[in-house]
Amino acid sequence: KEKKRCSQPWRDARAISHAGDTFTGWISTTGNVWVARYTADGKLTKRVIFKGLGRDDHNNPSLVFRHDGHIMVFFSPHSGHHLPPPGIPKAMHYMVSLNPYSINGFGKVHTVDTNVPGGLGYTYPNPMQLQDKLWLFWRGGAWNPTFSYTTDGIHWVPARELVYFGHGQRPYAKYVGDSDQRIHGIFTDGHPLSWKNSLHYLRYEA
């Protein structure tokens, strides 16, 4: 029961689409990261792009299209006081498809080289491409919603906490962007099983 309570998809986007084709990803029961393409005419292809992330349904990847159509896949192990398991580094990884709107091949594994203090690693990537920047939101080193962005897909600005509530709680967040100039976010005060929550909304614009 406890596993069902906490296994929520706090990372997005789990699926993206272009010209009738749908791209998605998941973590397997052996802890490997898979991606798949389901075409408009019903053809399914899938492939493993990373092995050994850990068996945890919080580890599902997030996908986003760059402006040029190449797919960026972000993934990290579920991190906390006792996670991830020994031998799995607390890192935010990402890979880029070699061709636009395709999963036929991916480049090398990159890591986001910035996080906020706290020692709890990275969890729940939420990437979104706007006009000028690719933004990444995640749960950071102190369990708070955290963000950075990149303009070239390689170098990331220093991470900053977006929300801090305190009381030993970890706010939960959902984000959506319009691929242009706006990002919307909604946040709880803490874990829904541990706090009587309010909901808080923000909008970033231009």
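The values are calculated or read from the model by the stated rules, or taken from the named source; none is laboratory data. Since the model is a prediction, treat every value here as computed from it, not as a measurement. Ideal geometry is used to build each Cβ from the backbone, glycine not excepted, and the neighbour counts take in all protein chains shown. Ligands, DNA and RNA are stripped out before the accessible areas are found, and what is left, the full protein with its side chains, is counted by its heavy atoms. Shrake-Rupley method; radii C 1.70, N 1.55, O 1.52, S 1.80 Å.
Suppose we keep only residues that are part of a loop (DSSP other than H, G, I, E, B) and touching a strand residue (DSSP E or B) at 6+ places or on another chain (Cβ under 7 Å) within the range 13-25. Which one would you say is least open to solvent (accessible area, probe 1.4 Å)? Checking each candidate, the answer is A13. Selection within the range 100-130: residues that are more than 30 Å from A19 (Cβ to Cβ) and outside any loop (DSSP other than H, G, I, E, B). The member of this set that is most open to solvent (accessible area, probe 1.4 Å) is T111.
One residue stands out in the range 73-88 among those that are in a loop (DSSP other than H, G, I, E, B) and surrounded by 13 or more Cβ atoms within 10 Å (Cβ to Cβ): the one that is nearest to the chain's Cα centre (by Cα), namely S76.
If we scan the range 1-12, do we find a residue that is outside any helix (DSSP H, G or I), hydrophobic (A, V, I, L, M, F, W, C), more than 14 Å from the chain's Cα centre (by Cα) and surrounded by 12 or more Cβ atoms within 10 Å (Cβ to Cβ)? Within the range 1-12, not a single residue is outside any helix (DSSP H, G or I), hydrophobic (A, V, I, L, M, F, W, C), more than 14 Å from the chain's Cα centre (by Cα) and surrounded by 12 or more Cβ atoms within 10 Å (Cβ to Cβ). Residues in the range 68-106 that are of a type in the set (S, T, N, Q) and over 21 Å from Y124 (Cβ atoms): S97, N99, S102, N104.
Of note, A91 satisfies the criterion of being open to solvent by 10 Å² or more (accessible area, probe 1.4 Å), in contact with a Ser or Thr (Cβ under 6 Å, 6 or more places away or on another chain) and in contact (Cβ under 8 Å) with a residue 12 or more places away in the chain.
Of the residues examined, W156 is not one that is of a type in the set (A, V, I, L, M, F, W, C), in a loop (DSSP other than H, G, I, E, B) and open to solvent by 70 Å² or more (accessible area, probe 1.4 Å).
With respect to (1) open to solvent by less than 30 Å² (accessible area, probe 1.4 Å); (2) outside any strand (DSSP E or B); (3) farther than 23 Å from K174 by Cα, the lone exception for V96 is condition (2). Return yes when A15 is modelled with pLDDT of 95 or more, out of contact with any His (no Cβ under 9 Å at 6 or more places or on another chain), of a type in the set (A, V, I, L, M, F, W, C) and under 24 Å from G141 (Cβ atoms) and no when it is not. No; evaluated as a whole, the condition is false for this residue. Mind checking which pairs have a first residue in the range 163-187 that is more than 19 Å from A142 (Cα to Cα) and among the polar types (S, T, N, Q) and a second that is outside any strand (DSSP E or B) and open to solvent by less than 70 Å² (accessible area, probe 1.4 Å), Cβ under 7 Å, 6 or more apart or different chains? Once the first residue is more than 19 Å from A142 (Cα to Cα) and among the polar types (S, T, N, Q) and sits in the range 163-187, its partners that are outside any strand (DSSP E or B) and open to solvent by less than 70 Å² (accessible area, probe 1.4 Å) give S179/L130; Q181/L130.
Scanning the range 36-72 for residues that are open to solvent by 60 Å² or more (accessible area, probe 1.4 Å), touching a residue at least 12 places away in the same chain (Cβ under 8 Å) and not acidic (D, E) yields a total of 9. So how many residues does the range 164-197 have that are under 20 Å from G80 (Cα atoms), hydrophobic (A, V, I, L, M, F, W, C) and open to solvent by less than 30 Å² (accessible area, probe 1.4 Å)? Of the residues in the range 164-197, 2 are under 20 Å from G80 (Cα atoms), hydrophobic (A, V, I, L, M, F, W, C) and open to solvent by less than 30 Å² (accessible area, probe 1.4 Å). Taken together, the residues in the range 131-148 that are open to solvent by 20 Å² or more (accessible area, probe 1.4 Å), not in a strand (DSSP E or B) and not charged (D, E, K, R) amount to 3. Just so you know, in the range 26-35 the residues that are of a type outside the set (S, T, Y) and open to solvent by 40 Å² or more (accessible area, probe 1.4 Å) include one that is nearest to the chain's Cα centre (by Cα), and it is W26.
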